[in-house]
1. Given the criteria outside any helix (DSSP H, G or I) and at pLDDT 95 or above, does Val167 qualify?
2. Here's a check for you: in region 221-236, which residue that is in contact with a strand residue (DSSP E or B) (Cβ under 9 Å, 6 or more places away or on another chain) and more than 15 Å from Gln171 (Cα to Cα) is modelled with the lowest pLDDT?
3. Can you confirm whether Asp61 is within 17 Å of the chain's Cα centre (by Cα), crowded, with 20+ Cβ neighbours inside 10 Å and among the acidic types (Asp, Glu)?
4. If His29 meets every condition in (1) within 28 Å of Thr175 (Cβ to Cβ); (2) in a helix (DSSP H, G or I); (3) modelled with pLDDT of 95 or more; (4) open to solvent by 30 Å² or more (accessible area, probe 1.4 Å) apart from one, which number is that one?
5. Look through region 221-236, keep the residues that are within 27 Å of Pro195 (Cβ to Cβ) and more than 14 Å from the chain's Cα centre (by Cα), and return whichever of them is surrounded by the fewest Cβ atoms within 10 Å (Cβ to Cβ).
6. Working only within region 121-173, note down all residues that are surrounded by fewer than 14 Cβ atoms within 10 Å (Cβ to Cβ) and within 14 Å of the chain's Cα centre (by Cα).
7. Which one is surrounded by the fewest Cβ atoms within 10 Å (Cβ to Cβ) among residues in region 5-24 that are small (Gly, Ala, Ser) and farther than 18 Å from Gln122 by Cα?
8. Picking from Asp99, Asp144, which residue would you name as being of a type in the set (D, E, K, R) and closer than 30 Å to Asp202 by Cβ?
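The values are calculated or read from the model by the stated rules, or taken from the named source; none is laboratory data. Nothing here was measured: the structure is a model prediction, and the numbers come from that model. Note: ideal-geometry Cβ built from the backbone for every residue, glycine included; neighbour counts use all protein chains shown. Surface areas here come from the heavy atoms of the whole protein model, side chains and all, with no ligands, DNA or RNA. Shrake-Rupley method; radii C 1.70, N 1.55, O 1.52, S 1.80 Å.
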Amino acid sequence: MLKLGCRYFDFRPGMVPKALQVVADDIYHIHTMIPGYKFSSFLCDVLTWLEANPSEIVVVDANTAGILNDKTMVPSVEKLQAILASAMSDSGSTVVAGDVSDLATTYAELISVNKRLIFLNQEGTWSPASKYDSYSDKAYATTDPASVVKALEAMNSTDQANYDYTVLQLQGTATNTGTKVVISAALSQSSASSPLMSTKADFDSVTYPWALQHVPFNLDATGLVVLLNDFVDNVQAATAAQLTLVRVNQGKGAK
């Protein structure tokens, strides 16, 4: 994902349900109750990549969204901070971690002090930041891009000013539409049948062009704006790069 151009990660560090922690006691990216990438491995991989790419900056939002409402699955802030410290040591990284205050710092200044891993966390984790997010359960539980576009169109510069940064989610959550979609995917017995993959082209072909056309007019040119997609690809990165150039030029014009 980093090689494709992804620079923002929505990571949900958590533990498996308590009954399973005797066999899996690490901190993972948790989706409901399903463990994925280890948080320590994720951080080490990001730090190693940053060391090899000294002109790059990565932003991470560590949060508990989507984790089952089970307090035994949510690690303490101290535990997460300890994992970050260990990842810094294990990777031999000299990268300095940053926080929301660094959003007001120029790129050149951040690079000069090697502050290239910025945490904009949510919901009880360390390094908190407020996020203006297009997502809602109702709008995104869909297989129709029009519902997501409507949510994106509601994002505006007036509300944007009340938050530290903005996230535009570009793909629906087809699995939340009900059993019909899930059962259909399972019955096909195809590795390409996941609701995420089967709807991606429909959404991306609408939401990527929408972002290029409307974000420069709907949102202020200053401040971080993230294009978030559950399935990262090179077109998403190219769209973000193109949009960044437009917003930078807008900011220069405003001065």
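1. Details: outside any helix (DSSP H, G or I): yes; at pLDDT 95 or above: yes.
Here the answer is yes, as Val167 does meet what is asked.
2. So the residue we want is Gly223.
3. yes
4. The single condition His29 does not satisfy is (2).
5. Asn234
6. Result: Ser130, single match.
7. Restricting to residues being small (Gly, Ala, Ser) and farther than 18 Å from Gln122 by Cα, the top hit is Ala19.
8. Answer to the selection: Asp144.
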